[in-house]
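Everything below concerns the one structure shown next.
The values are calculated or read from the model by the stated rules, or taken from the named source; none is laboratory data. The shown structure was predicted, so the numbers you read here are calculated from the model rather than taken from an experiment. Cβ coordinates were reconstructed from backbone atoms using ideal geometry, including for glycine residues, and neighbour counts include every protein chain displayed.
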Amino acid sequence: MHRRSFVMSSAAALAAAGGFSNAAFAQEGATPDPVAQDTPESGEIVTPDRFDFNEVIEIARQTAGREYVAPASTLEGSFAGLNYDQYRAIRYRRDRDPWAGNRDFALDLLPPGAIFHEPVEINLVSDGVATTLKFDPRLFEFDTAQFPDGPDYDTVGNMGFSGFRLRTPLNRPDVMDEFAVFQGASYFRAVSRGTLYGLSARGLAINTGRPEGEEFPIFRSFWIYDPESQERSVRVNALLDSRSITGAYEFILSPGAETIINTRAVLFPRRDVQNIGIAPLTSMYWFGPGDRSRIDDYRPSVHDSDGLQMLTGSETRIWRALSGPTTLQFSSFMDNDPLGFGLAQRARDFRSYEDAEARYELRPSAWIAPQGDWGRGSVTLVEIPVENEFNDNIVSFWQPADPLKAGERHEFSYTLTFSEQIPDSAPISRVLRTMSGRAVNNPQARNYIVDFDLSLFGGDDPVAQIKASSGRIGESYLKRLPAKDRMRLSFEFIPDSSRVVDLSAVLNGPEGPLSETWVARWSRE
């Protein structure tokens, strides 16, 4: 099972909840009570006042004061017992698009089934009025190849939608390409022009990789705002819930050459939460040219992302090369008020992968740019062992130094950008490739090759500063490769008895760093 699939199916047992309705707002002056209300029928107006994000914040605040209740959802009729192919054979009817006639955006509602058990409430907001959409199996068409007897339209149980997808003329003016999808726990994905779906974002990460087990919050309800004519963005509000925390989220999605998602999260913990990940990203890394010794595969690399890129509060630029470890690995980069971090796919040549189906060279990068002061904490990277490419095993997030206290309001705002390259144009040499192999003269040692962009160096060669947290650095050299436009750093690492060692290298000039700092982790197999 894909880790993304495991994550979403586990959410049913760990951190799922039923759909909300804020029908209490229908009575002037009524106290919002989203849990106690029944889901309104299709077309019922759930608030006569102008609905906005403040309403969602209030729902989240009140929900945090109640005990968490997991959903009771049953998939019935044509939506029960579906395998992967059957689920993909259910498609939303384009003629039922609630935004039909809008040339800039389209909206698809997604069916339940397969791993998507949790009912998700979908509300549309138009002219300040929120309307809840009722689930109806007739909104979907069923491929007869997978449903030869036709669909069962009569039995719907207590099912709800599983999420939604957004479309726009992203790559061609006459094609409504999907550019974002919200589905499963608190996961969502987006693409920019010329890229394909790859890594995912999440609302929150809790206890990721911890022995006590990960908790998966879920987006229980969405409020999707009707985009105005010729508007180039879509506004989405969401209610997040789990055993430990509730939250109100606002996403403003602007698709294009860079798909930008301005994000605001207002969180209300039910208990003190220490191991929490803010602005988490989830990706896949199986192997690359630095760690393919155990891999029997025709492809040179297989990954959705090849590095964690960081811009610290002191404006230091760091590139942490990803790896395929044999044991669970945590890396934390302490910082204060970080300026940015994200998972990037830098290898953009088809020859880096030789995969005509997956097209890994077209997977997007994702960059988190915090807004305001985030204080002390660390950018955390979790690398999970995998045996194939069907498991998401890389997670990055911001972990505050202090726990989020129960009964308090915590707010984080950031810009999330999906694009081919990370949006950082600073004139500094960047790492292009990392390679590694056993040293010829010493079987216990490793040779590392790190290629930097040569174009920003003048006539004088920089000086390499190489460090290891344990063991020692042997011979090293720098060499210009003009034909490849690369400055190549090669060095030998001789480990000691340590099981895990962090390596780093930076190219310096007379006035300081001329490159970002390359960081990698060696671990004993």
Any hit, the stretch 440-454, residues being in contact with a strand residue (DSSP E or B) (Cβ under 6 Å, 6 or more places away or on another chain), over 25 Å from residue 355 (Cβ atoms) and surrounded by fewer than 16 Cβ atoms within 10 Å (Cβ to Cβ): no
Single condition residue 392 does not satisfy, out of (1) out of contact with any helix residue (DSSP H, G or I) (no Cβ under 7 Å at 6 or more places or on another chain); (2) under 30 Å from residue 267 (Cβ atoms): (1)
Condition check for residue 248: more than 18 Å from residue 400 (Cβ to Cβ) and surrounded by 24 or more Cβ atoms within 10 Å (Cβ to Cβ): yes
Exclusive hit being modelled with pLDDT under 95 and among the hydroxyl-bearing types (Ser, Thr, Tyr), set 455, 469: 455
Extreme residue, surrounded by the most Cβ atoms within 10 Å (Cβ to Cβ), among residues of the stretch 140-178 that are among the charged types (D, E, K, R) and not in a loop (DSSP other than H, G, I, E, B): 167
Checking residue 25 against (1) out of contact with any helix residue (DSSP H, G or I) (no Cβ under 6 Å at 6 or more places or on another chain); (2) at pLDDT 85 or above; (3) surrounded by 13 or more Cβ atoms within 10 Å (Cβ to Cβ), the condition it does not meet: (2)
Close pairs (6 angstrom Cβ cut-off, 6 or more residues apart or separate chains): assigned to a loop (DSSP other than H, G, I, E, B) in the stretch 498-524, charged (D, E, K, R) and modelled with pLDDT of 95 or more anywhere: 516/317; 516/430
Unmet requirement for residue 381, which otherwise passes all of (1) in contact with a Lys or Arg (Cβ under 7 Å, 6 or more places away or on another chain); (2) part of a loop (DSSP other than H, G, I, E, B): (2)
Matching residues in the stretch 479-501 - criterion: being buried (at least 16 other Cβ atoms within 10 Å of the Cβ) and under 30 Å from residue 349 (Cα atoms): 486, 487, 488, 489, 490, 491, 492, 493
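Based on this model, can you work out whether residue 302 counts as within 22 Å of the chain's Cα centre (by Cα), among the β-branched types (Val, Ile, Thr) and not assigned by TED's automatic domain parsing to the domain that holds residue 60?
Values: within 22 Å of the chain's Cα centre (by Cα): yes; among the β-branched types (Val, Ile, Thr): yes; not assigned by TED's automatic domain parsing to the domain that holds residue 60: yes.
Against the criterion (within 22 Å of the chain's Cα centre (by Cα), among the β-branched types (Val, Ile, Thr) and not assigned by TED's automatic domain parsing to the domain that holds residue 60), residue 302 qualifies.
Quick test for you: out of 155, 144, 132, 168, pick the one residue that is of a type outside the set (D, E, K, R) and at pLDDT below 90.
Details: 144 fails: at pLDDT below 90; 132 fails: at pLDDT below 90; 168 fails: at pLDDT below 90.
Unique residue meeting the criteria: 155.
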Any hit, the stretch 491-510, residues being closer than 24 Å to residue 361 by Cα, in contact with a Phe, Trp or Tyr (Cβ under 9 Å, 6 or more places away or on another chain) and modelled with pLDDT of 90 or more: no
Enumeration of residues in the stretch 68-83 that are modelled with pLDDT under 85 and surrounded by 14 or more Cβ atoms within 10 Å (Cβ to Cβ): 70, 71, 73
Output for the stretch 457-470, where each listed residue is surrounded by fewer than 16 Cβ atoms within 10 Å (Cβ to Cβ) and not in a strand (DSSP E or B): 458, 459, 460, 461, 469, 470
Filtered residue count, the stretch 384-421, keeping only those that are part of a strand (DSSP E or B), within 15 Å of residue 208 (Cα to Cα) and either without any contact (Cβ under 8 Å) to a residue 12 or more places away in the chain or under 14 Å from the mean Cα position of the chain (by Cα) (or both): 5
Residue within the stretch 354-361 that is surrounded by 13 or more Cβ atoms within 10 Å (Cβ to Cβ), under 23 Å from residue 251 (Cβ atoms) and not assigned by TED's automatic domain parsing to the domain that holds residue 197 present: no
Matching entry among 455, 429 (being under 34 Å from the mean Cα position of the chain (by Cα), under 16 Å from residue 347 (Cα atoms) and among the polar types (S, T, N, Q)): 429
The stretch 84-131 - residue that is of a type in the set (Gly, Ala, Ser) and farther than 22 Å from residue 184 by Cβ and, of those, surrounded by the fewest Cβ atoms within 10 Å (Cβ to Cβ): 101
Whichever residue in the stretch 310-331 is small (Gly, Ala, Ser) and out of contact with any Gly (no Cβ under 9 Å at 6 or more places or on another chain) and, among such residues, is surrounded by the fewest Cβ atoms within 10 Å (Cβ to Cβ): 314
Residue in the stretch 192-208 that is modelled with pLDDT under 95 and out of contact with any Gly (no Cβ under 8 Å at 6 or more places or on another chain) present: no
Criterion (touching a strand residue (DSSP E or B) at 6+ places or on another chain (Cβ under 9 Å) and surrounded by fewer than 21 Cβ atoms within 10 Å (Cβ to Cβ)) met by exactly one of 181, 236: 181
Residue within the stretch 288-303 that is in a strand (DSSP E or B) and crowded, with 19+ Cβ neighbours inside 10 Å present: yes
Condition check for residue 256: assigned to a loop (DSSP other than H, G, I, E, B) and within 29 Å of residue 168 (Cα to Cα): yes
